[in-house]
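What follows is a set of notes on a single structure, which appears directly below.
Laboratory data are not the source of any read-out in this text; all were calculated from the coordinates shown. Since this is a predicted model, take the numbers as computed values, not measurements. All Cβ positions, glycine included, derive from the backbone under ideal geometry; neighbour counts span all protein chains shown.
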Amino acid sequence: MTDRKSQLDTLAIASLVGCCFLWGLNQVAAKAALPEVPALHQAAIRSLGGALLVWAWAARRGIRLFERDGTAPGGLLAGALFAAEFGCIFLGLQFTTASRMVVFIYLSPFVVALGMPFIARSERLSMLQLIGLVGAFGGVAWAFAEGFTRPAAGPQQWIGDALGVTAGVLWGATTLAIRASRLTSAAAEKTLLYQLAVSGVLLAVAAAVSGPALPRSLSPLAWSSLAFQVVVIAFASYLLWFWLMRHYPATRLASFTLLTPVFGLLMGASLLGEPVSPRLLTALVAVAAGIVLVNRPVARVSA
């Protein structure tokens, strides 16, 4: 049986904050390599490289990844959703701004919060917790509100916005697919391998047929960025994320992902010299308050 806890403890909170920090930093790393490595190629390399590392890690630890345990349908679905999510993101960025895109992507916690009660009644959120989730998302939207008034995106901006909304729904659907299938009790390594291997193959095919070829040589900066994305993001942070999903409530985990775009802004300010506005500080307060509300224990009325 899976040792599933009803609340987030100190280990879970520290791990989640670390993951969100790394995922925010990942946006800076990907942007740094983008002039040399096209976006779809980056996504394919990250998934395929991460899959190889997960396989090697599991083999060293004696974790069986290929035995028949009924997880294949859920694993294939999760991998396809993961690939479709990133496909929507990269295609959408051709029509809309990154700031608008990230707001729509972080509709994901709403999808998880709305869908989880149909999977596990114990994860139904109270009204106060829903208010906290809405408040946290509102803080993120406020931080990125400047993107809604930029005219540079052009008249086809609605296409990118629609793809961003679709990506957010797909991200939430991936979490729900994992929890609703036998993957919810599978090893974190197996769950992650499904997502990385399936998405890696699909993204590689998409990159080959729709984008320019990889350059013959890359700079040290591009190599460092790819190594970070493969080893730290796709392997270490995702492995930790799926371990957390196996042991802690998905709705509470999902609320913490709202920290990621805030960390992304902080990393952009420190590494790329982007300004930190009062909107970002407002977002930090709103996200912190929302996370506290979402993770408050629900009072039980005794009969």
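Per-residue extension of 0.36 nm, minus the Cα-Cα distance of Q7 and S219, leaves a gain of 71.8 nm for this segment.
Per-peptide packing, taken as the mean over residues of other Cβ atoms within 10 Å, places 198-208, 13-23 in the sequence 198-208, 13-23 from highest down. If you take the Cα centroid of the range 67-90 and the Cα centroid of the range 211-266, the two points sit 17 Å apart.
Give me the one-decimal Kirkwood hydrodynamic radius in Å for the range 19-85, with the sum taken over alpha-carbon pairs.
It is 14.3 Å.
Ranked by the mean number of other Cβ atoms within 10 Å per residue, highest first, peptides 186-194, 66-74 order as 186-194, 66-74.
Restricting the chymotrypsin sites (Phe, Trp or Tyr not before Pro) of the range 195-270 to loop positions (DSSP other than H, G, I, E, B) with no more than 16 neighbouring Cβ atoms within 10 Å leaves nothing. Here the spin labels are modelled as points 7 Å beyond Cα on the Cα-Cβ line, and at V134 and K31 they lie 3.2 nm apart. How big is the gap, in Å, between the Cα center of the range 20-46 and the Cα center of the range 183-200? Between the Cα centres of the range 20-46 and the range 183-200 lies a distance of 21 Å. Our estimate of slack between V285 and V231, defined as 0.36 nm per intervening residue step minus the Cα-Cα distance, is 16.3 nm. So, R0 is 25 Å and r is the distance between the beta-carbons of R68 and V205; what FRET efficiency does that work out to, to 0.05? E between R68 and V205, to the nearest 0.05, is 0.40.
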